[in-house]
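The values are calculated or read from the model by the stated rules, or taken from the named source; none is laboratory data. None of the values given here were measured: they were computed from a predicted structure. A quick note on method: Cβ atoms are made from the backbone with ideal geometry, for glycine too, and the neighbour counts reach across all protein chains shown. Side chains included, ligands, DNA and RNA excluded: accessible areas come from the protein's heavy atoms. Shrake-Rupley method; radii C 1.70, N 1.55, O 1.52, S 1.80 Å.
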Amino acid sequence: MLSKVTEMKKLTTYWFLLSTFLLTWTSCSAELPAKGKEESHTEKGRLLTDKKVLIVYLSRTKNTKAVAEIIQKKVGGDLVALELVTPYPEHYQTTVDQVADENARGYLPPLKTTIDNIAEYDVVFVGFPTWGMQLPPPMKSFLNEYELRGKTVIPFNTNGGYGIGSTFETVEQLCPDSKVLEGFTTKGGVERDGILFVMQGDREKQVQNEVQNWLKKLGWLTE
């Protein structure tokens, strides 16, 4: 009789331990998909997490700067403003004349900005306004001075309503050994008419949506 009772206790203990093991295993297994979904959700929103991103921009009226900051919020990365050793004059027409002369002579103005660790970056966004329907000389200086071989280069642009001119084409010409992706362009201010910074309020929200759609099209943002 005692033997049977002992066997019954052993059997009860066995089933208890087995049930506990199965319950624990099931709980752990149920948590794994949730963790996987969380990780894929993070990657889904920002697909450049495994790339080191640099965002270089030239901005006179701060509209291109605003676009650069929007891009940074979307994809992360380091933000660098291009500055010259000798800045352009504040007077609009004087600057227009100086830039026209620089373009005619092929002059590349010296940069005050230095980027010592550019070799570390995989992706380089380059932002600029359209000046005289051409790429601004300071951005030409940057693209000539720094080695971007093997990197992904992505142009973005603001303009006074006349479009990109030859700017994107020049970026491609100056980056022959880089992968140059489709650029982004949007209307900024019109300094000639006294319309300077416009990236605020409803216009800022509109540009944020435009940038997001552009990044989605490039396949680097899905939310």
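Just checking, which of ILE118, ILE154, ILE71 is over 22 Å from LYS217 (Cα atoms) and modelled with pLDDT of 95 or more? Don't jump to the end; show me each part of the working.
On the way: ILE154 fails: over 22 Å from LYS217 (Cα atoms); ILE71 fails: over 22 Å from LYS217 (Cα atoms).
Unique residue meeting the criteria: ILE118.
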All-but-one check, ASN213 against (1) open to solvent by 70 Å² or more (accessible area, probe 1.4 Å); (2) at pLDDT below 95, failing number (2)
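Could you tell me whether region 114-137 includes any residue that is over 15 Å from ILE55 (Cβ atoms), touching a residue at least 40 places away in the same chain (Cβ under 8 Å) and part of a helix (DSSP H, G or I)? Break it down stepwise before answering.
Looking only at region 114-137, we keep the residues that are over 15 Å from ILE55 (Cβ atoms), and these are 114, 116, 119, 129-137.
After this cut, where a residue has to be touching a residue at least 40 places away in the same chain (Cβ under 8 Å) as well, the list is 129, 136.
If we keep only those that are part of a helix (DSSP H, G or I) too, we end up with none.
No; the residues of region 114-137 include none that is over 15 Å from ILE55 (Cβ atoms), touching a residue at least 40 places away in the same chain (Cβ under 8 Å) and part of a helix (DSSP H, G or I).
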Check TRP220 against each of (1) out of contact with any Cys (no Cβ under 6 Å at 6 or more places or on another chain); (2) under 29 Å from THR114 (Cβ atoms); (3) modelled with pLDDT of 95 or more; (4) not β-branched (Val, Ile, Thr) and name the one condition it does not meet. (3)
Taking first residues from region 196-223 that are over 24 Å from ASP122 (Cβ atoms) and second residues anywhere that are of a type in the set (S, T, N, Q) and in a loop (DSSP other than H, G, I, E, B), the pairs with Cβ under 7 Å that are 6 or more apart or on different chains are LEU196/THR61; PHE197/THR61
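Are any residues in region 188-205 closer than 14 Å to THR158 by Cα and open to solvent by 40 Å² or more (accessible area, probe 1.4 Å), and if so, which ones? I'd like the intermediate steps shown before the answer.
Of all residues in region 188-205, those closer than 14 Å to THR158 by Cα come to 188-191, 195-199, 203-204.
Those that are closer than 14 Å to THR158 by Cα and open to solvent by 40 Å² or more (accessible area, probe 1.4 Å): GLU191, ILE195, LEU196, PHE197, ARG203, GLU204.
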Residue by residue through region 73-107, note down the ones that are without any contact (Cβ under 8 Å) to a residue 24 or more places away in the chain, open to solvent by 60 Å² or more (accessible area, probe 1.4 Å) and not acidic (Asp, Glu). LYS73, PRO87, HIS91, GLN93, THR94, GLN98, ALA104, ARG105
Which one of these does ARG149 not meet: (1) surrounded by 14 or more Cβ atoms within 10 Å (Cβ to Cβ); (2) modelled with pLDDT of 95 or more? (1)
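Residues are listed down the side, and each one gets a yes or a no for (1) over 19 Å from the mean Cα position of the chain (by Cα); (2) hydroxyl-bearing (Ser, Thr, Tyr):
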residue	(1), (2)
PRO155	no, no
SER178	no, yes
GLY189	yes, no
MET199	no, no
ASN209	no, no
If you check PHE142 against the conditions, is it open to solvent by less than 50 Å² (accessible area, probe 1.4 Å) and either touching a Gly at 6+ places or on another chain (Cβ under 9 Å) or not in a helix (DSSP H, G or I) (or both)? no
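What number of residues within region 168-219 are in a helix (DSSP H, G or I) and within 18 Å of ALA66 (Cβ to Cβ)? Spell out the reasoning first.
Just the residues of region 168-219 that are in a helix (DSSP H, G or I), to begin with: 168-174, 191-193, 201-218.
Now narrow it down to the ones that are within 18 Å of ALA66 (Cβ to Cβ): 191, 201-215.
Of the residues in region 168-219, 16 are in a helix (DSSP H, G or I) and within 18 Å of ALA66 (Cβ to Cβ).
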Conditions (1) over 21 Å from VAL53 (Cα atoms); (2) open to solvent by 10 Å² or more (accessible area, probe 1.4 Å); (3) touching a helix residue (DSSP H, G or I) at 6+ places or on another chain (Cβ under 6 Å); number of the one not met by VAL180: (1)
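Residue under question is THR167, and the condition is that it be polar (S, T, N, Q) and open to solvent by less than 70 Å² (accessible area, probe 1.4 Å); does it hold? Spell out how you get there, then give the answer.
Numbers: polar (S, T, N, Q): yes; open to solvent by less than 70 Å² (accessible area, probe 1.4 Å): yes.
So THR167 passes the test.
Only one residue in THR152, THR130, THR114 is in contact with a helix residue (DSSP H, G or I) (Cβ under 9 Å, 6 or more places away or on another chain) and β-branched (Val, Ile, Thr). Which one?
Numbers: THR152 fails: in contact with a helix residue (DSSP H, G or I) (Cβ under 9 Å, 6 or more places away or on another chain); THR114 fails: in contact with a helix residue (DSSP H, G or I) (Cβ under 9 Å, 6 or more places away or on another chain).
Result of the check over THR152, THR130, THR114: THR130.
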